[in-house]
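A short write-up of the structure that comes next.
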Amino acid sequence: MEEFTVAGLRVVREAAACGSFSTAAERLGYTQSAVSRQIALMERAAGRALFERHARGVRPTEAGRVVLRHAEVILGELDQARQDIHQLAARPPGRLCVGAFSTAMAALVPRAIAATAARDRQVRVSLREGLSPRLLTAVARGRLDLAVVTAPDTPPAGVELEPLVDDPLLVAVAATHPLAGAVSATPGQLRDERWIAGSQDASATLLGAWRDPGWEPDIAFVARDWFAKLGLVAAGQGSTVVPGIAVPVLPPTIALLRIDHPSAVRRTVIAHRGDRGTAEARAEFAEALRDQAAELSAHVRQRLRAGA
């Protein structure tokens, strides 16, 4: 029985893109008979025709479109693998590829980079911002050496997790808000707030970490950019939830409250694969992350006390 091949998938993709076997052969540097042979092999593997043949060219059948969708994914992954291998080969000693979610980029990661550079100028860091699930996948595939992520229920195979910080979730309110002078607030006190969040789906935001069943927050504005969120808060248009590690970059026009709820904490971890090639640089950077996380936690406590 014939099987799908990478060469065959490339031919299918090119033939579908240009609508012609002869043009596909020119673009791929094949003879037309070689392209026809590859298509025939792929059709035998699929068990049905992948192209409709017409006088003016070809177009994919329904089965052909199914194969084409999978071909795009498979060939895209293979192309990415080549790029990643090239980057590994070109990467100088001491180079670390680090990922982190957006608010970790506000203070924690930049301070860790500065601390690492002060200790060892041989370590160079490149950054990638993203959502935790995507960053974990990148670590698992070797595209990142290390990532600062929200602790997953189950990490991808081969990924190791190290505790970093249990980061408190805080409510940011305008300086003129009735709760602005308090250190903390219960969910009951916050129930009637108008919220500014990254999505209308509260479960997909930081609100989802601590909201009680039966309570649907009143999301007045959706804003993904943190400057937009904080601008709306400062103007008295609603409240938002911020992680503690972002506190040092928040403006003084924002007051902060701790949420009196056991789930109002985001467990943050360091994810890596344990590769020996970057072990020394990775350990050095992880130590800097832990030091900076401890300092940021102390800063949060001081700011909450000062606001009281």
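The values are calculated or read from the model by the stated rules, or taken from the named source; none is laboratory data. Worth saying up front: this structure is predicted, and the values here are computed from it rather than measured. Positions of Cβ are backbone-derived with ideal geometry, glycine not excepted, and every protein chain shown enters the neighbour counts. Side chains included, ligands, DNA and RNA excluded: accessible areas come from the protein's heavy atoms. Shrake-Rupley method; radii C 1.70, N 1.55, O 1.52, S 1.80 Å.
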Scan segment 25-40 and give yes if some residue there is of a type outside the set (Ser, Thr, Tyr), open to solvent by 70 Å² or more (accessible area, probe 1.4 Å) and in contact (Cβ under 8 Å) with a residue 24 or more places away in the chain, otherwise no.
no
One residue from 59, 53 being open to solvent by 60 Å² or more (accessible area, probe 1.4 Å), over 30 Å from residue 275 (Cβ atoms) and either among the acidic types (Asp, Glu) or touching a residue at least 24 places away in the same chain (Cβ under 8 Å) (or both)
59
Restricting attention to segment 92-104, does a residue exist that is of a type in the set (Gly, Ala, Ser), within 23 Å of residue 245 (Cα to Cα), assigned to a strand (DSSP E or B) and within 20 Å of the chain's Cα centre (by Cα)?
yes
Does at least one position in segment 166-189 carry a residue that is open to solvent by 40 Å² or more (accessible area, probe 1.4 Å), within 30 Å of residue 136 (Cβ to Cβ), among the acidic types (Asp, Glu) and touching a helix residue (DSSP H, G or I) at 6+ places or on another chain (Cβ under 8 Å)?
no
When residues of segment 107-119 are limited to those that are farther than 16 Å from residue 270 by Cα and open to solvent by 40 Å² or more (accessible area, probe 1.4 Å), the one modelled with the highest pLDDT
114
Within segment 10-54, can you find the residues that are part of a helix (DSSP H, G or I) and β-branched (Val, Ile, Thr)?
11, 12, 23, 35, 39
Scan segment 149-158 and tell me whether some residue there is open to solvent by less than 20 Å² (accessible area, probe 1.4 Å), modelled with pLDDT of 90 or more, farther than 18 Å from residue 240 by Cβ and not in a loop (DSSP other than H, G, I, E, B).
yes
Within the set of pairs 6+ apart or on separate chains, which have a first residue in segment 131-147 that is part of a loop (DSSP other than H, G, I, E, B), a second that is open to solvent by less than 30 Å² (accessible area, probe 1.4 Å) and among the β-branched types (Val, Ile, Thr), and C-beta atoms under 9 Å apart?
131/149; 144/98; 145/98; 145/139; 145/278
For segment 249-298, give me the residue count where each residue is under 21 Å from residue 123 (Cα atoms), among the β-branched types (Val, Ile, Thr) and assigned to a helix (DSSP H, G or I).
1
